[in-house]
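Here the structure comes first, spelled out in C-alpha cells, and everything after it is commentary.
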Amino acid sequence: MAYVISDACVSCGSCADGCPAGAISQGDTQYNIDAEACVSCGACASTCPAGAIAEG
C-alpha cells in the first residue's frame, strides 16, 4: 500500500530527497506522493521530521 502525506507536512523536502522511486513531488501547499510510483519502502516516512507520512 502506498504512503500518503498528511496536512502536517511542513514542505521541507526531506521526503523527496529520500525517496528511491522518485514518487514524491512538490504540490501547491505540500509535498505529494504518486501512489502509482510508490514502492511502499517507507524511506520517506523515516526521513520526515514532522511525522506527516504514513502508510495509506
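The values are calculated or read from the model by the stated rules, or taken from the named source; none is laboratory data. Quick caveat: nothing in here was measured; it's all calculated off a predicted structure. Because the Cβ atoms are built from the backbone with ideal geometry, glycine has one as well, and the counts that use them run over all protein chains shown.
What to note about this one:
- Residue list for segment 32-56, restricted to those being among the aliphatic types (A, V, I, L, M) and more than 12 Å from A16 (Cα to Cα): A35, A37, V39, A50, A52, A54
- Of the residues making up segment 21-35, just one is within 10 Å of V4 (Cα to Cα) and of a type in the set (G, A, S), namely A35.
- Residues of segment 10-22 classified as in a loop (DSSP other than H, G, I, E, B) and touching a helix residue (DSSP H, G or I) at 6+ places or on another chain (Cβ under 8 Å), total: 2
- Close pairs from segment 1-27: first within 13 Å of P49 (Cβ to Cβ), partner modelled with pLDDT of 95 or more and assigned to a helix (DSSP H, G or I), Cβ under 6 Å, at least 6 apart: S14/T47; C15/C44; C15/T47; G18/A43; G18/C44; G18/T47
- Within segment 36-56, the residues that satisfy the criterion of being under 14 Å from S6 (Cα atoms) and either charged (D, E, K, R) or part of a loop (DSSP other than H, G, I, E, B) (or both) are C48, P49, A50, G51, A52, E55, G56.
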